[in-house]
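Written out below as structure tokens is the structure these notes cover.
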Amino acid sequence: AAGDFDARAEGAGPREVEQLGEALHKMAASIRETIEQLTSERNEAKAVLENLAEGVLAVDGRGCVLTMNPAARRLLGLGLQEMTGRNFFEVVRTAAVREIVSEVIEQGRRTERQVSVFAPEERSLHVQGLPCGPAESTGPRAIVVLRDKTELDRYERLRREFVANVSHELKSPLTSIRGLTETLLDGAIEDGAAARRFVGLIDVDAERLSRLIDDLLSLSQIESQPAPPLEPVDVRSVVESVLETLRPAADRRRLTVTLDLPAGAQARVNPDRLKQVLWNLLDNAIKYNREGGRVAVSAVREGALIRVAVTDSGVGIPEKDLARVFERFYRVDKARSREMGGTGLGLSIVKHIVESHGGTVRVESVLDEGSVFSFTLPAAE
């Protein structure tokens, strides 16, 4: 009775007493085996419950908490405090969750609902309440499962926004092309000067579509494929190669381009990906700069990293837009960006490439004074 299953009765006395002692020995061994099995099962269940990503809790008919795993405490903003034995309706602040538990206890029926909680942070929860046991039972009366759907909802929202943005970006040039071709077919083709102008406009829209599709394919490739093979790459040579391609555009705007790159500075990176990053940043620095402005490319060693910065004297970016410039299709000045031929994907591509190499990207800008886009890459030893 005291839990000492090693105690044994003395083997003396009448035969009946000996039989009773043997029976007690067998019972002690059986009880020990049963308790050990129950303890093992309890520990297994506890380990599973405490490590579940979903929050799970059970309450009795009076609303007292019988068990609540760490995930449930975290999702409900209850911290590390022990909840067992406390009244659920007194400790949980989220009214919608309290209503679900109350419905399950009082009506004995399954209930599930999408709930928003705002403490300790805003989250979207799928709450499922399940009846358990009869109303007069002293055991669990309701079991509640909490699933955090915040990230799933965010991804779904991003997917919808992405589809809407792609549709819009594709529709604009296609609508323009259709309008121009209809005008040509209605007779404008007979007017040589008008026909050439319309065909030129169609070519501009077709080029815009081509750039958009190329950027979409690049972004998809970067996100879906494994990390490309890395090798030591001389940063200066890649910068000079990109500038050679963009030099005519810089000359047309009479821009001064300077380089401050230490000799022999090497990053461990995929050369094609680095060229793509620099092309996007330098192309933006040229397109959104002022006539006669300047563009500077610099690099410095920061421990095991190399930080490369592209500085321009352009129009700058409003402070409210700085946190969003790396989002897909986000444009600070939509009309000007389209006029310049931008797809709204360049900086998103930059961010994905840099992060796939284990680096970070950031922007600093002052409106009407210019911007500094910088990124880090692992240095080649």
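Conditions (1) in contact with a strand residue (DSSP E or B) (Cβ under 9 Å, 6 or more places away or on another chain); (2) among the aromatic types (Phe, Trp, Tyr); (3) open to solvent by less than 90 Å² (accessible area, probe 1.4 Å), marked per residue:
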residue	(1), (2), (3)
158	no, no, yes
163	no, no, yes
167	no, no, yes
179	no, no, yes
193	no, no, yes
203	no, no, no
219	no, no, yes
222	no, no, yes
240	yes, no, yes
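Can you list residue pairs whose Cβ atoms sit under 9 Å apart, with the first residue in the range 159-179 being within 19 Å of residue 199 (Cβ to Cβ) and the second being open to solvent by 60 Å² or more (accessible area, probe 1.4 Å) and of a type in the set (Val, Ile, Thr)? Count only pairs 6 or more apart in sequence or on different chains. Close Cβ pairs satisfying both conditions: 173/204; 176/204.
Of the residues making up the range 224-238, those that are loosely packed, with under 12 Cβ neighbours inside 10 Å and in a loop (DSSP other than H, G, I, E, B) are 225, 226, 227, 229. Of the residues 315, 269, the single one that is open to solvent by less than 50 Å² (accessible area, probe 1.4 Å) and within 26 Å of residue 378 (Cα to Cα) is 269. Residue 311 meets each of the listed conditions (1) of a type outside the set (Lys, Arg); (2) over 19 Å from residue 365 (Cα atoms); (3) at pLDDT 90 or above apart from (2).
Residue 319 fulfils the conditions (1) in contact (Cβ under 8 Å) with a residue 12 or more places away in the chain; (2) of a type in the set (Asp, Glu); (3) farther than 30 Å from residue 160 by Cα except for a single criterion, (3). Looking across the range 117-130 at every residue that is closer than 20 Å to residue 67 by Cβ and aliphatic (A, V, I, L, M), the one that is most open to solvent (accessible area, probe 1.4 Å) is identified as 130. Residues in the range 7-29 that are charged (D, E, K, R), open to solvent by 80 Å² or more (accessible area, probe 1.4 Å) and modelled with pLDDT of 70 or more: 15, 16, 22, 26.
From the list 281, 305, 259, which one is over 12 Å from residue 374 (Cβ atoms) and among the aliphatic types (A, V, I, L, M)? Within the list 281, 305, 259, the selection yields 259.
Taking residues in the range 101-127 that are more than 18 Å from residue 79 (Cα to Cα), and partners anywhere that are of a type in the set (Phe, Trp, Tyr), the pairs with Cβ atoms closer than 9 Å and at least 6 places apart or on different chains are 101/88; 101/89; 102/89. Starting from residues that are touching an Asp or Glu at 6+ places or on another chain (Cβ under 8 Å) and among the aliphatic types (A, V, I, L, M), keep the ones in the range 137-173 and report whichever is farthest from residue 125 (Cα to Cα). Looking at the filtered set, the residue picked out is 145.
The lone criterion from (1) open to solvent by less than 40 Å² (accessible area, probe 1.4 Å); (2) in a helix (DSSP H, G or I) left unmet by residue 174 is number (1).
The values are calculated or read from the model by the stated rules, or taken from the named source; none is laboratory data. Note that the structure is a prediction, hence the values are computed from the model and not measured. Cβ: placed from backbone, ideal geometry, glycine included. Neighbour counts: every protein chain shown. Note: areas computed on protein heavy atoms with side chains; ligands, DNA, RNA excluded. Shrake-Rupley method; radii C 1.70, N 1.55, O 1.52, S 1.80 Å.
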